[in-house]
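The values are calculated or read from the model by the stated rules, or taken from the named source; none is laboratory data. What you see is a predicted model, and the numbers here were worked out from it, not measured in a lab. Heads up, the Cβs are rebuilt from the backbone with ideal geometry, glycines too, and the neighbour counts pull from every protein chain shown.
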Amino acid sequence: MRLAFDARLVNPPFQDPGVYVDFRFEHRAIVFDLGDNAKLAPRHLLRITHAFVSHAHMDHFIGFDRLVRVCIGRHAGMHLFGPPGFVGQVERRLASYTWDRVDRYDVELTLFATEVATDGTTRSARFRTSTGFARESESMGSTCDDVLVDAPSFRVRFATLDHRTPCLGFLLEEKAHASVWKNRLAECGLRVGPWVAKLKQAVLAGAADDVFIEAHWRDGEGEHRRSVPLGELRAAVSIERGQRIGYVTDVLFHEANVEKIVSLVREADVLFIESVFLEADAPHASRKQHLTARQAGTIARLARVRHVEPFHFSPRYSEREAEVRAELASAFAGG
Ligand SMILES: [Zn+2]
Ligand SMILES: [Zn+2]
């Protein structure tokens with residue numbers, strides 16, 4: 001499988017949470033959470049087009065300032081997403097600095113901030129350097145199903161989880177893509193051409209067999225045109241499911257959360273999930289509204305993800321990292 005995303009933790013697991021996802025075939029990256037990001041080089045921050053903040057506890061949001069600082073004057077803009085109250089939090093963070101010099105920059109930085117409520121309604125606002133990051137263009141909207149971003153090549157889904165305060169979990173999914181077998185087209189007497197894009201679109205959209213596809217191509221003998229029912233072309237197209245990456249942190253282990261997480265990240269290729277405490281400290285984990293490694297491994301197993309990557313370890317286990325990982329692995333394996 002050709003991997004579209006290269007996802008990695010921003011920091012080692014005892015430090016601030018966050019996952020940076022580089023897109024291999026596009027000049028862009030997205031990031032889950034904006035904790036301390038000193039380990040991300042400016043060139044990495046400058047690739048970010050979307051940042052998804054689970055909640056605004058300091059360890060998940062303190063890196064916002066560095067992101068803005070690096071991007072100002074050099075980046076045209078990005079979209080930021082967070083839980084209820086997030087737009088106001090972005091506004092107040094920006095308002096805490098003096099911005100009297102920013103109009104000198106050639107490149108205007110525009111931040112589009114969106115907060116999403118539990119019922120899927122959204123509130124967005126824009127902040128630009130040229131206006132000193134004043135809040136403007138406020139708008140309300142709603143998400144369709146659980147989709148927060150629907151871009152041409154990827155989607156980001158979300159679930160609102162319970163961490164006493166609302167905390168968002170995310171799933172990044174590459175859209176399915178189709179590829180065409182030239183030799184199978186040739187068996188139907190057809191050649192590839194720009195029309196193949198329409199064929200792929202029709203298959204991906206689930207069009208019926210009796211839909212006609214206009215095939216046209218040019219070769220040494222001139223121009224060729226034929227109208228062919230999709231049913232006759234299906235064998236020439238194969239569909240590959242896209243890569244899927246889940247990100248879940250700062251959640252309490254209870255039935256409603258587990259259900260939502262499992263349905264969000266089901267069969268993901270990789271699940272990044274917090275594993276803050278050992279199961280022996282489960283009552284403390286519950287008071288702190290965090291998962292134990294055993295609980296995280298259990299969720300990953302229930303969701304049948306292919307690979308699980310733990311993070312957000314409590315500093316109390318700084319000498320016991322192997323134990324945390326072993327507990328998660330054993331629960332993931334069903335032990
Ligand atoms: Zn946290
Ligand atoms: Zn938190």
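Listing for the model above:
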quantity: Pick from region 311-335, criterion in a helix (DSSP H, G or I) and out of contact with any helix residue (DSSP H, G or I) (no Cβ under 9 Å at 6 or more places or on another chain), ranking: farthest from Ala300 (Cα to Cα); calculated: Pro315
quantity: Residue that is nearest to ligand 1 (Cβ to nearest atom), among those in region 110-163 that are under 22 Å from Leu271 (Cα atoms) and acidic (Asp, Glu); calculated: Asp162
quantity: Any chance Ala38 is assigned to a loop (DSSP other than H, G, I, E, B), aliphatic (A, V, I, L, M) and in contact (Cβ under 8 Å) with a residue 12 or more places away in the chain; calculated: yes
quantity: Asp210 being touching a residue at least 12 places away in the same chain (Cβ under 8 Å), away from ligand 2 (no atom under 16 Å from the Cβ) and out of contact with any strand residue (DSSP E or B) (no Cβ under 9 Å at 6 or more places or on another chain); calculated: no
quantity: Of the criteria (1) touching a strand residue (DSSP E or B) at 6+ places or on another chain (Cβ under 6 Å); (2) within 16 Å of ligand 2 (Cβ to nearest atom), which one Gly35 fails; calculated: (1)
quantity: Pair list, Cβ under 7 Å, 6 or more apart: region 147-168 residue within 19 Å of Thr249 (Cα to Cα), other residue within 16 Å of ligand 1 (Cβ to nearest atom) and of a type in the set (Ser, Thr, Tyr); calculated: Cys167/Ser54; Leu168/Ser54
quantity: Ile239, sole failed condition from (1) part of a strand (DSSP E or B); (2) of a type in the set (A, V, I, L, M, F, W, C); (3) surrounded by 19 or more Cβ atoms within 10 Å (Cβ to Cβ); calculated: (3)
quantity: Within region 143-167, tally of residues that are of a type in the set (Lys, Arg), modelled with pLDDT under 95 and farther than 19 Å from Ala56 by Cα; calculated: 0
quantity: Subset of region 282-309 [more than 30 Å from Gly242 (Cβ to Cβ), within 16 Å of ligand 1 (Cβ to nearest atom) and part of a helix (DSSP H, G or I)]; calculated: His284, Ala285, Ser286, Arg287, Lys288
quantity: Residue count, region 209-236 (criterion: assigned to a strand (DSSP E or B) and among the small types (Gly, Ala, Ser)); calculated: 3
quantity: Selection within region 8-21 - in contact with a Phe, Trp or Tyr (Cβ under 7 Å, 6 or more places away or on another chain) and not aromatic (Phe, Trp, Tyr); calculated: Arg8, Leu9, Val10, Pro13, Pro17, Gly18, Val19, Val21
quantity: Lone unmet requirement of (1) exposed (fewer than 13 other Cβ atoms within 10 Å of the Cβ); (2) touching a residue at least 24 places away in the same chain (Cβ under 8 Å) for Arg225; calculated: (2)
quantity: So Asp119, is it part of a loop (DSSP other than H, G, I, E, B), free of Cβ contacts under 8 Å to residues at least 60 places away in the same chain and over 19 Å from Leu67 (Cα atoms); calculated: yes
quantity: Options Val276, Val308; residue that is under 24 Å from the mean Cα position of the chain (by Cα), surrounded by fewer than 24 Cβ atoms within 10 Å (Cβ to Cβ) and not small (Gly, Ala, Ser); calculated: Val308
